[in-house]
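Since the structure comes first, as structure tokens, the remarks are kept for the end.
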Amino acid sequence: MGHMLQEGVTRMEKQVETLCRLNGIACRFGGSTLLKHHGLIETTNDLDVFVEPDQFERLDQVLSRVGEKVETAPHADYMTTYFSEYTFEGGDIDVMASFRMKCTDGIYTHPYIEPVGSWMRLEEWVVLYTVIGREDKLHRLTEYFETHELDEGVVQTCLKRAPASVIEAITERFGTHMKR
């Protein structure tokens, strides 16, 4: 069963990438799909797609046509301006633009970072998972960066306007990888 799901997510990701390309939408894949792409985890359950705000509506129209839009109640701490969920090919797709989240001491707003192809940078997810509080994923990333180079520039860009609590948490966990 698990294997089918994986095939599904990979196929879904390729289809979404194609749909975006055909419609002139620059999409970026992140979340667990990105971790799987880099071999950090085996399975993913959904596809996280980031787009720029001016392209959100176009992607919404495309995905609402090929898939089914799911009505979602927004989580209290998420302040993301644009967020929609879809089921497509038996999988879930989360699309967002202008990711923002309430932290204890301010609001974290995720900047635009140039992707590698359609892939977001793992360093962005070091920050995003810290903000969201995903220990399991952060543990995998910590292990990964023991043996892979961490691009400090990406992390610094994300942290430029980040609340102090986020900067502290990342410095504490990834600081040793950042000052080499």
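Only the coordinates and a few stated rules stand behind these numbers; no lab work does. Quick caveat, the model's predicted, so the values are computed rather than measured. Cβ sites come from the backbone with ideal geometry, for glycine too, and all protein chains shown count toward neighbours.
Descriptive notes on the structure:
- Cα-based Rg of segment 39-79 normalised by 2.2 N^0.38 Å, two decimals: 1.47
- Whole-number percent relative contact order across the chain, with pairs defined as alpha carbons under 8 Å at least 6 apart: 19
- For segment 2-178, the calculated P(r), taken from all Cα-Cα distances in 10 Å bins from zero up to the bin holding the longest distance, is 9, 38, 37, 15, 1 percent.
- Only one residue of TYR108, MET178, VAL16 has its Cα farthest out toward the positive end of the dipole of the chain, where Lys and Arg carry +1 and Asp and Glu -1 on Cβ, and that residue is MET178.
- Residue among THR109, THR147, THR157 with the largest mean-square fluctuation in a Gaussian network model of the chain, springs linking Cα atoms under 10 Å: THR147
- Lys-Lys pairs in segment 2-178 that are eight or more residues apart or on separate chains and whose Cα atoms lie under 23 Å of each other come to 6.
- Here is the P(r) of segment 14-64: all C-alpha pair distances, binned every 10 Å from 0, give 25, 48, 24, 2 in whole percents.
- Rounded to the nearest 10 degrees, the inclination of helix 2-22 to the longest alpha-carbon principal axis of the chain is 80 degrees.
- For the chain, adding -39500 (n - 2.57) for each run of n ≥ 4 DSSP H residues and dividing by the number of residues yields -15500 deg cm²/dmol at 222 nm.
- Put in line by how crowded their Cβ is, counting other Cβ atoms within 10 Å and starting with the fewest, TYR78, TYR144, TYR108 read TYR78, TYR144, TYR108.
- Dipole of the chain, positive end: most advanced residue of TYR86, ALA97, GLY153 [Cβ charges, Cα centre]: GLY153
- Cα long-axis angle, helix 122-132 against the chain (0 to 90 degrees, to the nearest 10): 90
- Projected label distance in nm at HIS139 and THR10, using a 7 Å step from Cα toward the beta-carbon: 2.6
- Taking trypsin sites (Lys or Arg not before Pro) across segment 34-101, none is in a DSSP loop with at most 12 further Cβ atoms lying within 10 angstrom of its Cβ.
- Shape analysis of segment 53-142 based on the Cα gyration tensor places the equivalent ellipsoid semi-axes at 24, 16, 14 Å, largest first.
- Rounded to the nearest 20 debye, the dipole magnitude of segment 2-178 is 300 debye, with +1 charges on Lys and Arg beta carbons, -1 on Asp and Glu beta carbons, and the Cα centre as origin.
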